[in-house]
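The values are calculated or read from the model by the stated rules, or taken from the named source; none is laboratory data. Small disclaimer: the values here were computed from a predicted structure and weren't measured. Glycine gets a Cβ as well: all are built from the backbone with ideal geometry, and neighbour counts include every protein chain shown.
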Amino acid sequence: MRKPHVNMRKVAMIGCGFVGSASVYSLMQSGLFSEIVLIDANMEKAEGEALDISHGLPFAKPMSIYAGDYDDIEDAAIIIISAGAAQKPGETRLDLVKKNVGIFKTIIPEIAKRDCQGILLIVANPVDVLTYAALKMSHFPANRVIGSGTVLDSARFKYLLGEHLQVDSRSIHAFIIGEHGDSEIATWSSANVSGIPIHKICEMRGFIDHDYETNRIADEVKNSAYEIIEKKGATYYGIGMAVRRICEAIIRDEESVLPVSSLMTGQFGIEGVCLSMPAIVGANGVDTLLPIPLDEKEQAALKESAETLRKVIEESIDF
């Protein structure tokens, strides 16, 4: 059980850029918390976002939203880190690694020196590498260091499948696993609509060119962020909703299955990296990684994705 000084109604957001602010706005509307503290290297930015979001409280539920500092995080149930350099048009998430590891070297020690017993939720990119860096620098137990991983990618996957099949996306069960990035894997072998295999549903809907359609949809999911960044400069609403969903699972101790990024400890022969697999998520963070069935091609792609991340960690991170 968690120590009693953890306030399960309190969340901290470190980083008040587009993603951090959109996430706080979504969390404010959720009513999950009674206290939200915003922290940013630019104190005035944090104060401005806190004021702007607070002005909507008469339309929501009572809570305290304010700008603070690292002393305010000690009793937070969840500490979210969205701080980092933004991904620019034409730039991959992995291109950000050195910049954002440098930023994490100023943030994580501040968290580590305080007696925080909450969950550390990493949202900044490249999320898998930064989740691993946060785990190593914070010395938190592995179950309490989570990356937002492919929660948003999986939502995009389900959205596009829903549009393609004209089926409510909430009835679709399908995961993107591996890196939150270019080596991610769409798990077609286990994808289904309320238990019916995805290819069978496709045939029912008149789609028989499975190779073309699966490649098209998987590529659209993988390239969604690039397309949005090219069109409007940044992505933040979708990830804001994903952050809210992860927080719900933790605060309500739902034991929900979400493809968050966490430390691999031998599953599918992979260890020593953080990447996304379906995991049972509740009040103590990651409970168990689920042994999702994968075909041989998907297993090979997952190992390749892990190796991509391992090389980046070895080449770019000096603890």
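A few notes on this one:
- Test: residue in the stretch 223-235 that is in contact with a helix residue (DSSP H, G or I) (Cβ under 6 Å, 6 or more places away or on another chain), closer than 21 Å to Ile172 by Cα and of a type in the set (Val, Ile, Thr): no
- Yes/no for Lys297 being basic (Lys, Arg) and modelled with pLDDT under 95: no
- Considering the stretch 291-317, and only residues there that are of a type in the set (S, T, N, Q) and in contact (Cβ under 8 Å) with a residue 60 or more places away in the chain, the residue that is nearest to Glu179 (Cα to Cα) turns out to be Ser305.
- Matching residues, the stretch 253-283, being closer than 18 Å to Ile79 by Cα and surrounded by fewer than 15 Cβ atoms within 10 Å (Cβ to Cβ): Asp253
- Test: residue in the stretch 49-72 that is closer than 21 Å to Thr235 by Cβ and either of a type in the set (A, V, I, L, M, F, W, C) or not assigned by TED's automatic domain parsing to the domain that holds Val19 (or both): yes
- Val24 vs. criteria buried (at least 17 other Cβ atoms within 10 Å of the Cβ) and modelled with pLDDT under 95: no
- Selection within the stretch 130-147 - of a type outside the set (Phe, Trp, Tyr) and farther than 16 Å from Pro259 by Cα: Leu130, Ala133, Ala134, Leu135, Lys136, Met137, Ser138, His139, Pro141
- Verdict on Ile103 being crowded, with 22+ Cβ neighbours inside 10 Å, under 30 Å from Lys222 (Cβ atoms) and among the β-branched types (Val, Ile, Thr): no
- Within this structure, Ile78 fails the test of being β-branched (Val, Ile, Thr), without any contact (Cβ under 8 Å) to a residue 60 or more places away in the chain and closer than 24 Å to Arg245 by Cβ.
- If you check Val273, Val286 for being over 20 Å from Glu254 (Cβ atoms) and among the β-branched types (Val, Ile, Thr), only one passes: Val273.
- Among the residues of the stretch 171-200, just one is in contact with a helix residue (DSSP H, G or I) (Cβ under 6 Å, 6 or more places away or on another chain) and part of a helix (DSSP H, G or I), namely His199.
- In the set (1) modelled with pLDDT under 95; (2) under 18 Å from the mean Cα position of the chain (by Cα); (3) acidic (Asp, Glu), the condition left unmet by Asp115 is number (2).
- Residue in the stretch 248-277 that is farthest from Phe175 (Cα to Cα), counting only those that are more than 14 Å from the chain's Cα centre (by Cα) and in a helix (DSSP H, G or I): Ile251
- In this structure, Ala283 qualifies as touching a Lys or Arg at 6+ places or on another chain (Cβ under 8 Å) and of a type in the set (A, V, I, L, M).
- Among the residues of the stretch 61-92, those that are surrounded by fewer than 14 Cβ atoms within 10 Å (Cβ to Cβ), out of contact with any strand residue (DSSP E or B) (no Cβ under 8 Å at 6 or more places or on another chain) and closer than 25 Å to Ile251 by Cα comprise Lys61, Pro62, Asp71.
- When the criteria are applied in full, Arg252 fails the requirement of being out of contact with any Gly (no Cβ under 8 Å at 6 or more places or on another chain) and within 19 Å of Val123 (Cβ to Cβ).
- Residue selected from the stretch 202-232 under the condition outside any helix (DSSP H, G or I) and in contact (Cβ under 8 Å) with a residue 12 or more places away in the chain, by the criterion nearest to Pro89 (Cα to Cα): Phe207
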